[in-house]
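Only one structure is covered here, and it is reproduced in the block below.
The values are calculated or read from the model by the stated rules, or taken from the named source; none is laboratory data. These numbers come from a predicted model, not from an experiment. Here the Cβ positions follow ideal geometry from the backbone for every residue, glycine too, while neighbour counts run over all protein chains shown. The area values use the complete protein model at the heavy-atom level, side chains included, leaving out ligands, DNA and RNA. Shrake-Rupley method; radii C 1.70, N 1.55, O 1.52, S 1.80 Å.
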Amino acid sequence: MIIETKSGKVEGYPENGMIAFKGIPFAEAPVGKLRFKPPVPAAPWNGILKADKYGKRSLQTQEQGYCDEIGFSEDCLNLNVWIPDSSATKRPVIFYIHGGGHFSGANSDPFFDGPHLIKDREAVMVAPNYRLGALGYLYLKDYLGDEYADSGNCGLLDQILALRWVHDNIEAFGGDKDMVVLMGQSAGAKSAANLMVTPSAKGLFRRAILQSGATQCIRDPHTATKLTGIILKELGLKKSNAEEILTMNGEKIIDAQKRAYQKVNIGHIFGPVMDGRTILEAPEDYIKGGKTGELEVMIGYNSQELYYSDPQKEKTEEEIVYAFRSCYGLNWKIAMERFRQFSKTESISEAFDHVQTEFVYGNAALRMTQLLAENGVKTWSYLWNFTGNHIPYHFTEMAYIFDYTLEESEKGYDRRDAAYCALINETWMSFIINGNPENVLLPKWLPCTTSEMGYRMYFDERPHLEQFNLRSYYLKLPMQVIRL
């Protein structure tokens, strides 16, 4: 199938009952003079672009055996499109943003594709790459001046340009440009939430699914500058010679950020910046000001996201303090206070994991749910507590949404999980297509419409609706997880 976009013709290929268009460039390579700069739309091409292979991944720390045939590069701003093999038009468009802590991952991750999510439904899926790590989120204004005032938001700006590509081109693929649904897990959910509070993204989407993520990764300029200083120090750079990073080998920058993870928790060092240019104000103020527009949102998290501690190796107080300092910066004392509360009734490892789950994921999800509901955004809340193959860690819902339990059977999934896959996939697709997750496989699911008591779907062996206090998050913890 050949489709003409505004940049040129692209040829797609059959893939598991759908037509796939892979590696379509939506921006010029962000290299040379464009490094640490906002993305520039891709120049038109002549002829037909064969979109049969994934594009390069954003430069990142490379795990051994991680799809080496695709490769990693700074020239990574490409996207994939999957469409049903039919002539239908005006289909809702899933804009799927990959996770990975803003430092890893790609739109070619083998776990996520259109055929596994959409199956036989009439919807389109678009999955963009965006710049990661220091190349996407290193805030250099205080080091290199106003010319690089946008550098801390390059990854977010990449996502916005990809959304604009969708707006300009998706009708040619049978998609509805006015019914774009943001969807992401972890850093993908955070990215979707960030787009919800970014003025220049307003009007480019209609719905959002946030799985284990909200706006907690948006950093104030001071914190972002301090984090930049940590990486520059690893590169042997100071303010006087910081411009050397503009021409430095990209792999060297990635190596430096990897060393920086020894000082700051890997999951909190990168994220957008409230720079007064792309993100104009605190997310809470933006939402309270009613600026999100008319949206439908589904948001939730997993009950034991970060329960990773070994109960046979209890942490010392020094280890706990170090972990909290690297995770939360100036917020570490709040985490320690919460830990002491939990440790009155839980073991040291349970209390530590409880704090990490609450402070890294749960608190922000609940706070954003309350803010959205209080300010007129129809919001469906959920808590994932299904223990099909193991406890409900971070990411465990994904195999069910994308129906990968059979492929992942060696990891403990059972064929009986197929029924749960059907339920979860139907729920997510119902929200995508109808703007409401309710379906015949679930009990009635009421949205949150006030700022006090709300409802959430409790996904366990027998999903059920429960009422909960929307202000049950820990009030002392700011939305911004790390502050320096």
Q: Within segment 426-444, count every residue that is under 17 Å from R207 (Cα atoms) and touching a residue at least 12 places away in the same chain (Cβ under 8 Å).
A: 10
Q. For the subset of segment 443-472 comprising residues that are open to solvent by less than 20 Å² (accessible area, probe 1.4 Å) and not in a strand (DSSP E or B), which member is nearest to E296 (Cα to Cα)?
A. W445
**Q.** Selection status of I287, in a loop (DSSP other than H, G, I, E, B) and open to solvent by less than 10 Å² (accessible area, probe 1.4 Å)
**A.** no
Q: Just need a number here: residues in segment 140-155 that are open to solvent by 10 Å² or more (accessible area, probe 1.4 Å) and either at negative phi or in a helix (DSSP H, G or I) (or both).
A: 8
(Q) Among the numbered criteria (1) open to solvent by 10 Å² or more (accessible area, probe 1.4 Å); (2) assigned to a helix (DSSP H, G or I); (3) closer than 21 Å to H102 by Cα; (4) out of contact with any helix residue (DSSP H, G or I) (no Cβ under 6 Å at 6 or more places or on another chain), which one does A365 miss? (A) (1)
Q: Being open to solvent by 20 Å² or more (accessible area, probe 1.4 Å) and under 30 Å from V81 (Cα atoms) narrows it down to one of P199, P221, so name that one.
A: P199
Q) Any residue in segment 293-304 that is in contact with an Asp or Glu (Cβ under 8 Å, 6 or more places away or on another chain) and not aromatic (F, W, Y)? A) yes
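Quick grid of which residues meet (1) under 20 Å from A42 (Cβ atoms); (2) open to solvent by 10 Å² or more (accessible area, probe 1.4 Å); (3) among the basic types (K, R):
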{"site": "A162", "(1), (2), (3)": "yes, no, no"}
{"site": "H167", "(1), (2), (3)": "yes, yes, no"}
{"site": "I170", "(1), (2), (3)": "yes, no, no"}
{"site": "D176", "(1), (2), (3)": "no, yes, no"}
{"site": "M183", "(1), (2), (3)": "no, no, no"}
{"site": "A187", "(1), (2), (3)": "no, no, no"}
Q: For segment 32-54, name all the residues that are in contact with a strand residue (DSSP E or B) (Cβ under 9 Å, 6 or more places away or on another chain) and either open to solvent by less than 20 Å² (accessible area, probe 1.4 Å) or touching a residue at least 60 places away in the same chain (Cβ under 8 Å) (or both).
A: P39, P41, A42, A51
Q | Restricting segment 291-312 to residues that are more than 27 Å from V377 (Cβ to Cβ) and touching a residue at least 24 places away in the same chain (Cβ under 8 Å), the residue that is surrounded by the fewest Cβ atoms within 10 Å (Cβ to Cβ) | A | D310
Q) So which of I266, I253 is aliphatic (A, V, I, L, M), touching a helix residue (DSSP H, G or I) at 6+ places or on another chain (Cβ under 8 Å) and under 30 Å from F95 (Cα atoms)? A) I253
**Q.** Test: residue in segment 335-351 that is touching a residue at least 40 places away in the same chain (Cβ under 8 Å), farther than 30 Å from Q262 by Cβ and not in a helix (DSSP H, G or I)
**A.** no
Q: Can you tell me which residue among L182, L161 is at pLDDT 95 or above and either under 29 Å from C327 (Cα atoms) or in contact with a His (Cβ under 6 Å, 6 or more places away or on another chain) (or both)?
A: L182
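Residues are listed down the side, and each one gets a yes or a no for (1) under 30 Å from A282 (Cβ atoms); (2) part of a helix (DSSP H, G or I); (3) touching a residue at least 40 places away in the same chain (Cβ under 8 Å); (4) in contact with a helix residue (DSSP H, G or I) (Cβ under 9 Å, 6 or more places away or on another chain):
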{"residue": "L195", "(1), (2), (3), (4)": "yes, yes, no, yes"}
{"residue": "I209", "(1), (2), (3), (4)": "yes, no, yes, yes"}
{"residue": "Q216", "(1), (2), (3), (4)": "yes, no, yes, yes"}
{"residue": "T223", "(1), (2), (3), (4)": "yes, yes, yes, no"}
{"residue": "A242", "(1), (2), (3), (4)": "yes, yes, yes, yes"}
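This table checks each residue for (1) in a strand (DSSP E or B); (2) more than 28 Å from the chain's Cα centre (by Cα).
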| site | (1), (2) |
| --- | --- |
| V10 | yes, no |
| K22 | yes, no |
| A29 | no, no |
| F36 | no, no |
| N46 | no, yes |
